[in-house]
Amino acid sequence: MSNAQGHIVSVKGLKKTYDSVEAVKGIDFSVSKDELFGLIGPDGAGKTTIFRILTTLMFPTEGSANIMDLNVVSDYKKIRNHLGYMPQRFSLYQDLTVEENLEFFARIFGTTIEENYSLIKDIYVQIEPFKTRKAGKLSGGMKQKLALSCALIHSPEILILDEPTTGVDAVSRKEFWEMLIRLKEKGITILVSTPYMDEANLCGRVALIQNGEIMSIDTPQKIIENFGRKLWAIKSDNIYQLIQDLKTDNRIHTVFPFGEYLHITVKPGYDDLKGLAPELNRMGHSGVKIQEIEANIEDCFMELMQ
Amino acid sequence: MIKSTENIIEVKDLVKKFGDFVANDHLTFEVKKGEIFGFLGANGAGKTTAIKILSGLSYPTSGEVNVAGYDVYKEREKVKKNIGYMSQKFSLYEDLTVKENIRFYGGIYGLSNKYIKEKTESLLDRLKMRDIQNSLISSLPLGWKQKIAFSVAIFHSPKIVFLDEPTGGVDPITRRDFWEMIYEASHEGITVFVTTHYMDEAEYCGRVSIMDRGSIEGLGTPVELKGQFNAQNMDEVFLKIAR
């Protein structure tokens, strides 16, 4: 059910305009079967708009999008049977119980919980003890598991998840990604969006997206290899002063806080930073540490934004 | 950052119960003046409950809590006057302009018109937002809103500012601009009490506490915590505590 290139999702020249705002500015990408594909970018980048078009909830202004060779405009009804969608805001019925929600979604798609239970079993067993509880009374992590179960209950080929881990603590995020990776291994193609840059590393391929445009699209490793600059981590005992001093140093290209260190890049011709630590010491800094490091996805994202 | 020995927040054996449920189970910690203090924990660990008590919005069940020199049982209004608060969910009025929002908050804190006027001018210059002073908040990008929200939260020069997940969803460059504003506030002596789900941001903090199921399970500098829990980064520390 994929096209000649083996793509299960293909998007060409996709544009979406709301009044005067161009939310998506003519993007192209494709996803192959069994991929775990990430749309990585901040709020307002256009991630939700793209997903709403792919899930046939909204028409594009221009361009085309196909899912399994079905067009999102002309074949929207057929497409819906192949897709599971977990929107960003909790989409379940708060005043129905856990079990009632799941039954509801199964019935809408003309199936039963029993028929596809094996697919959701790993996830659903964790909330099954609470199956008579109203969905509105569940904790954030449990709501998320229920929403995922409901998105999967009709056994879709493609799962689309819009920021499933936003506002979720680090433990629940990790558990959620483990669930996604297991679903991918079961042969489900997954498109997921996130504003957390570190989650890019868990995807097979990612699109880095900002202001309605894709800045880069590749495997996380390739994106890092293409960073194209030397990068250093530097710290001193007075990190606030260090930021001020480096920002006014005309050899320095960028200075960004990164945990307990600052990440810095330099302008062309200043690649040798051996003299920097002694200079900073002379300026009154103490505890200066500097080392060259490999970029991470967030460094790459910021470099592409410049 | 100012190294201070003066405690601006003192919490001893703080307990908060809702019926049988113990949301805060004997919390004890101090925060120093000018410190950037990270307050972390899983969803439902009891962070919001504690912040509500520290900001004078709710009473403890038992324990001693002193904020900015005031007792949270007896001097709640004084506590409120001496703190600022900003959350990702609510901070500015979308249908008011930038200038109107500043004016509104200044008025709420009882600042004089003259003071509000002067400080608004210097703030607009500092934020480089003079051109948009009469724009509605709703028309601005998220990152700008958050910078304005933070500036408004410290407009009345509070001793402490509480930031509840201030940077969610913001692009990485804006997130860093935001942290530079936090460093600056701390440099000027304002204590910053911040919650976040970005574990790398925990490493920006001077000290961090990590809550799990109502109790503080980790408390120290990021370097100390990484050593104590034998972890490479704060993400690992968090997972070891909360999993």
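A short reminder: the numbers here are calculations on the coordinates, not readings from a lab. All of these numbers come straight from a predicted model, not from anything done at the bench. Virtual Cβ from ideal backbone geometry, glycine too; neighbours counted across all protein chains shown.
Ignoring everything except DSSP H segments at least 4 long, calculate the 222 nm mean residue ellipticity for the protein assembly as shown; use -39,500 (n - 2.57) per segment, divide by total residues, nearest 500.
So the calculated ellipticity at 222 nm is -9500 deg cm²/dmol.
How long is the gain from B:Lys12 to B:Leu239 if the chain were fully straight, where each residue apart is worth 0.36 nm and the alpha carbon distance is subtracted?
Here the segment from B:Lys12 to B:Leu239 would lengthen by 79.1 nm.
Looking at this model, which pairs from B:Lys17/B:Lys78; A:Lys16/A:Lys78; B:Lys145/B:Lys226; A:Lys33/A:Lys230; A:Lys47/A:Lys222 are more than 30 angstrom apart at the alpha-carbon? Working shown, then result.
On the way: B:Lys17/B:Lys78 24 Å; A:Lys16/A:Lys78 22 Å; B:Lys145/B:Lys226 34 Å; A:Lys33/A:Lys230 36 Å; A:Lys47/A:Lys222 22 Å.
Table pairs above 30 Å Cα-Cα are B:Lys145/B:Lys226; A:Lys33/A:Lys230.
So if I place +1 on the C-beta of Lys and Arg and -1 on the C-beta of Asp and Glu, and nothing else carries charge, what would the dipole magnitude of the range A:71-148 be about its Cα centre? I want it in debye, nearest 20. Write down the numbers at each step before the final one.
Numbers: 12 positive and 9 negative charges, 61 e Å.
Dipole size: approximately 300 debye.
Which FRET efficiency value, to the nearest 0.05, is calculated for B:Lys78 and A:Ile181 with the Förster distance at 60 angstrom and r the Cβ-Cβ distance?
Once the sixth-power term is evaluated, E becomes 0.70.
Label the range B:1-76 by shape, choosing from rounded, prolate and oblate, from the square roots a ≥ b ≥ c of the eigenvalues of the Cα gyration tensor; if a/c is under 1.5 it is rounded, and otherwise prolate applies when a/b is larger than b/c, oblate when it is not.
Cα axes put the range B:1-76 in the oblate bin.
Where Rh denotes the Kirkwood radius from the mean inverse Cα pair distance, what is Rg over Rh for the range A:231-305?
Using only Cα positions, Rg/Rh for the range A:231-305 is 0.93.
With just the Cα atoms defining each centre, how far is the range A:15-78 from the range B:25-87? Give it in Å.
Answer, in whole Å: 44.
Go ahead and collect, in residue order, the members of the range A:244-281 whose backbone nitrogen is under 14 Å from a label point 7 Å along the Cα-Cβ direction of B:Glu180.
The answer is A:244-250, A:252-258, A:262-265.
Evaluate E = 1/(1 + (r/R0)^6) for A:Met283 and B:Asn230, where r is the Cβ-Cβ distance and R0 equals 51 Å; express this FRET efficiency to the nearest 0.05.
On the way: r = 35 Å, r/R0 = 0.70.
FRET efficiency, A:Met283 to B:Asn230: 0.90.
Taking only Cα atoms and a 10 Å spring cutoff, compute GNM fluctuations for chain A and point out the largest among A:Ile158, A:Ile123, A:Ile50.
Of A:Ile158, A:Ile123, A:Ile50, the most mobile in the Gaussian network model is A:Ile123.
Just round it to a whole percent: the fraction of Cα-Cα distances in the range A:117-274 exceeding 28 Å.
43
If you place +1 on the Cβ of every Lys and Arg, -1 on the Cβ of every Asp and Glu, and leave all else neutral, what size is the dipole of the protein assembly as shown about its Cα centre, to the nearest 20 Debye?
Details: 67 positive and 74 negative charges, 210 e Å.
Approximately 1000 debye in magnitude.
Pop a pseudo-label 7 angstrom from the Cα along the beta-carbon direction at both A:Glu100 and A:Gln126 and give the gap in nm to one decimal.
A separation of 2.5 nm, rounded to one decimal place.
Please identify the longest segment of chain A free of exposed GluC sites (Glu not before Pro), where exposed means a DSSP state other than H, G, I, E or B and no more than 12 other Cβ atoms within 10 Å.
Details: sites that count: A:Glu114, A:Glu294.
The longest such stretch corresponds to A:115-293.
Roughly what would the spin-label model give for A:Asp28 and A:Lys137, points 7 Å off Cα along C-beta, in nm?
5.4
If I model a spin label as a point 7 Å beyond the Cα along the Cα-Cβ vector, how far apart are those points for B:Ser139 and A:Lys222 in nm?
4.2
Determine the distance separating the Cα centre of the range B:212-231 from the Cα centre of the range A:81-102; give it in Å without decimals.
Spelled out, the Cα-based centre of one part sits 36 Å from the other.
Would you compute, for the Cα atoms of chain A, the largest minus smallest coordinate along each principal axis and list the three values in descending order, in whole Å?
So the extents along the principal axes, rounded to whole Å, are 73, 44, 37.
Applying 1/(1 + (r/R0)^6) with R0 = 45 Å to the Cβ-Cβ distance of B:Asp125 and A:Thr111, what FRET efficiency is obtained, to the nearest 0.05?
With a Förster radius of 45 Å, E is 0.15.
For chain B, I need the span (max minus min coordinate) of the C-alpha atoms along each principal axis, in Å, sorted largest to smallest.
Computed over the Cα atoms, the extents are 49, 42, 35 Å.
For the range B:150-243, what does the equivalent ellipsoid look like in terms of its semi-axes, each the square root of 5 times an eigenvalue of the Cα gyration tensor, given largest first in whole Å?
Each semi-axis is the square root of five times an eigenvalue, giving 25, 15, 12 Å.
Would the range B:89-157 count as rounded, prolate or oblate if I go by the C-alpha gyration tensor, calling it rounded below 1.5 in a/c and otherwise prolate when a/b exceeds b/c, oblate otherwise?
Cα axes put the range B:89-157 in the prolate bin.
Across bins of 10 angstrom width beginning at 0, how are the C-alpha pair distances of the protein assembly as shown distributed, in whole percent?
Final binned percentages: 3, 16, 25, 26, 19, 9, 2, 0.
Among the listed pairs B:Lys80/B:Lys117; A:Lys289/B:Lys119; A:Lys289/B:Lys12, which are separated by more than 29 Å between their Cα atoms?
A:Lys289/B:Lys119; A:Lys289/B:Lys12, as the Cα separations exceed 29 Å there.
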